[in-house]
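The block underneath contains the structure these notes are about, expressed in structure tokens.
What follows is calculated from the coordinates using simple rules that are stated; it is not laboratory data. Since the model is a prediction, treat every value here as computed from it, not as a measurement. FYI the Cβ positions are ideal-geometry reconstructions off the backbone, even for glycines, and counts take in every protein chain you see.
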Amino acid sequence: MKALVVYGHPLDDSYCAALRDRAVGGLRAADHDVDVLDLYAEAFDPVLTADERAGHLAPAATKPHLADHFARLRWAEAVVLVYPTWWGGPPAIVKGWLDRVWANEVAFDLPPGAPRIRPRLSNVRRLVVVTTHGSSKWVNALEGEPGKRIVGRSLRLLCHRRARFRWLALYGIDRATPAERQQFLTHVERAMTRL
Amino acid sequence: MRCLVVHANPTPDGYGAALRDAAVAGLTRGGHEVRVVDLYAEGFRAAMTAEERRRYHEPDPIVDPQVREHAGHVRWAEAIVFVYPTWWASLPAVLKGWLERVMVNGVAFRHVPAKGGHTVKPHLDHLRRIVGITTYGSGRWFSFLVADGGRRTLLRALYITAPRRTQRIWLGLYGIEARSPAERQAFLQRVDDRLARL
């Protein structure tokens, strides 16, 4: 399977970077084709521009500056997001990738007169989030898991009709033991070998 | 009340700007003190930097003078009013980044030692209102059932760092593409009226 791994953490010596490496390792071990998009390393600008907003229903070809990102997303049969959960959801750099790259004629279509957008990412059959939460599972439940809903429901609806969503999360990392961290790394790698 | 309006919209003269103006007009009419930060106009950086992340757990994690200025606005505010368009069921990246970079240790919460590491304690003790004003492409029930990530982020995740008595107010215009000019106008009026009696 062709897997696009989207990574959004500013530090390359972070636990999140280790998660990315183990996820990629698992995918490669299972003979998947992997493209790693490191948003910080590629200096991705997450702020959708006024022009992009004005042309948000214009054809994708009118945004040549995003063509490479569009192509990478269209290529993917699996999208694996690896990020730390901040304020309940994906960091700004990942949110901005969604804002700018999950665009008209890539992630959705809006035919004239249609009441709502139609999904277009039928190439994506697996949607995976690998994330860490500082707070406990209980606190996140209280917050209503906005990040999990944004990806697992809102984005999931744009993918293939039978696309599977997988949520791999380590809660309470602020107080996790080294053993728990190790265990989660192994868990992520194994989950990726069985994508 | 001292009110901070946080505005995030790439279009300087669009409906989002009209919503911000309606909010400011209502607040002013209600006798409130208002400060506005316009994240797009200020060119606010969305992504937390590597240095900011490295210092995240320090007593004073703020590096950028612009972030320090915004943190001052937050400390001043008794009400924070967010005005933004909902994209992919949540906040635009620049607003999400504002939370991540401004609402840090010593501003929104405090890191305190706990068994096995640390935990966070609420620190927005001065906050009496959290207000969200947003437009949705999708309908009310669809938004509510599918995700409503923006509302959950502001009225739940952010609220946890405020006192329990803090009031949460949500003003949403759903299915905006299908709304008539009269409906859009009515929503502006609703925003103005509601904020005048904050």
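Details
- Span per principal axis, largest first, for the Cα atoms of the protein assembly as shown (Å): 64, 56, 34
- Residues A:Glu189, A:Glu180, B:Glu100, sorted so that the one with the fewest Cβ neighbours within 10 Å comes first: A:Glu180, A:Glu189, B:Glu100
- Straight-distance candidates among the aspartates and glutamates for linking to A:Lys137, with alpha-carbon spacing under 14 Å and chain neighbours fewer than 8 residues away dropped: A:Glu145, A:Asp174.
- Average partner coverage of B:112-118, which counts Cβ from other chains inside 10 Å: 3
- Calculated log₁₀ intensity ratio I(q)/I(0) where the Debye formula runs over C-alpha points of the range B:33-181, q = 0.11, 0.13, 0.21 Å⁻¹: -0.46, -0.64, -1.42
- Expected 222 nm ellipticity per residue - DSSP helices of 4 or more, -39500 (n - 2.57), all of chain A, to 500: -9500 deg cm²/dmol
- Reducing the range A:42-73 and the range A:1-33 to their Cα centroids gives an inter-centroid distance of 24 Å.
- Annotation: the residues B:Leu27, B:Leu195, sorted from fewest to most other C-beta atoms within 10 Å of their own C-beta, follow the order B:Leu27, B:Leu195.
- Degrees between helix B:93-102 axis and first principal axis of chain B (Cα, 0 to 90, nearest 10): 40
- Sparse packing (at most 15 other Cβ atoms within 10 Å of the Cβ) combined with a DSSP loop state is found for the following trypsin sites (Lys or Arg not before Pro) in the range B:111-147: B:Lys115.
- Folded to 0 to 90 degrees: helix A:92-101 orientation relative to chain A principal axis, Cα: 30
- Pairs exceeding 22 Å between alpha-carbon atoms, taken from A:Lys63/A:Lys95; A:Lys63/B:Lys96; A:Lys95/A:Lys148: A:Lys63/B:Lys96.
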